[in-house]
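Worksheet for the structure shown next.
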Amino acid sequence: MSNEVQYLTTEKHTELTKELHMLKTERRKEVAEHLEYAKKLGDLSENAEYHQAREEQAEVEDRISRLENLLKHATITRAHGKDVVTIGSTVSLEKKDDNKPMVFTIVGSEESDMAQGKISNLSPLGSALLGHKKDDRITVMTPKGKVEYLIAAIK
């Protein structure tokens, strides 16, 4: 498990904390009850329900461990102003030769979601944007080749 710093927004940190609490209190109990029921069904070597319950238990414990590690190493991010792109900044970009503006928020890898316009600080575009200012031009290597962007605004 990685001990790297993970960048999270306050909202994502709260969401993951609630998930961890639910897994430790409710979900663990449900899985334990399911496991006890499956044990009562008899021969454990051929008991599919028991094996399924054990897998479920392992998945829950793995998720708990992952969340605990993530939250332990999390840094809460906020945009640090509108002068320079940082983790937490919302950036309006214009692709060279394309007048359609694109808006992205730079977030930690745990909460990146292209459908919501959230890109990871570790992605090629996210890492290229970090440290740049409004009106800077950046070039990003994509599978289709180099793409140039203009930073139109930082929010």
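Bear in mind that the values in this text are calculations on the coordinates, not laboratory data. Just so it is clear, the structure is predicted and the values come from calculations on it, not from any experiment. We place every Cβ from the backbone using ideal geometry, glycine too, and count neighbours over all the protein chains shown.
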Completion exercise
The residues Ile64, Ile151, sorted from fewest to most surrounding Cβ atoms within 10 Å, come out as Ile64, Ile151
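Which GluC sites (Glu not before Pro) in segment 78-113 pass both tests, a DSSP loop state and at most 15 other beta-carbon atoms within 10 Å? Working shown, then result.
Values: sites: Glu94, Glu110, Glu111; in loops: none.
Answer in residue order: no site qualifies.
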Problem - Estimated D of segment 6-76 in µm² per second, where Rh is the Kirkwood radius over Cα pairs and Stokes-Einstein applies at 37 °C, 0.692 mPa s - result: 244
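With both bridge residues required to lie in segment 90-154, what share of the DSSP beta bridges run antiparallel, to the nearest 5%? Don't skip to the end; give the middle numbers.
Values: 17 of 20 bridges.
So the antiparallel bridges amount to about 85 percent of the total.
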Problem - Using alpha-carbon coordinates, inclination of helix 10-22 to the longest axis of the chain, degrees - result: 10
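Is the chain best put as rounded, prolate or oblate by its Cα gyration tensor, with a ≥ b ≥ c the root eigenvalues, rounded for a/c under 1.5, and otherwise prolate when a/b is larger than b/c, oblate when not? Don't jump to the answer; show the numbers that get you there.
Working: a/c = 3.87, a/b = 2.60, b/c = 1.49.
Prolate shape, in that a/c is at least 1.5 and a/b is the bigger ratio.
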Practice task
Could you work out how far the C-alpha centroid of segment 86-155 sits from that of segment 7-79, in angstrom?
Solution key: 34
Problem - Distance (nanometres) between label positions extended 7 Å along Cα→Cβ at Met102 and Glu19 - result: 2.6
Fill in the blank from the handout: Which residues qualify? For Thr105, with a placed amide H closer than 5 Å and at least 5 residues away or on another chain, they are Val91, Lys118, Ile119
Completion exercise
Sorting Val84, Ser65, Leu44 by the position of each Cα along the dipole of segment 32-139 (Lys, Arg +1; Asp, Glu -1; all at Cβ), the one nearest the positive end of that ordering is Val84
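Going by the alpha-carbon gyration tensor, a ≥ b ≥ c the square roots of its eigenvalues, is segment 40-102 rounded (a/c under 1.5) or, if a/c is not under 1.5, prolate (a/b greater than b/c) versus oblate?
Numbers: a/c = 8.09, a/b = 2.64, b/c = 3.06.
Oblate, since a/c reaches 1.5 and b/c is not below a/b.
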Problem - Assigned charges on the beta-carbon of Lys, Arg, Asp, Glu; the chain dipole about Cα centre (debye) - result: 860
Handout entry: Helical mean residue ellipticity (222 nm; -39500 (n - 2.57) per DSSP H run of 4+; nearest 500) of the chain
Key = -11500 deg cm²/dmol
Problem - At R0 = 25 Å, FRET efficiency that the Cβ-Cβ distance of Ala32 and Arg78 yields, to 0.05 - result: 0.05
Fill in the blank from the handout: P(r) over all Cα-Cα pairs of segment 90-154, 5 Å bins from 0 to the longest distance, whole percent per bin, short to long, reads 4, 19, 28, 30, 16, 3, 0
Exercise for the section: Return one number: the angle in degrees, 0 to 90 and rounded to the nearest 10, between the long axis of the Cα atoms of helix 48-72 and the longest principal axis of the Cα atoms of the chain. Expected result: 40
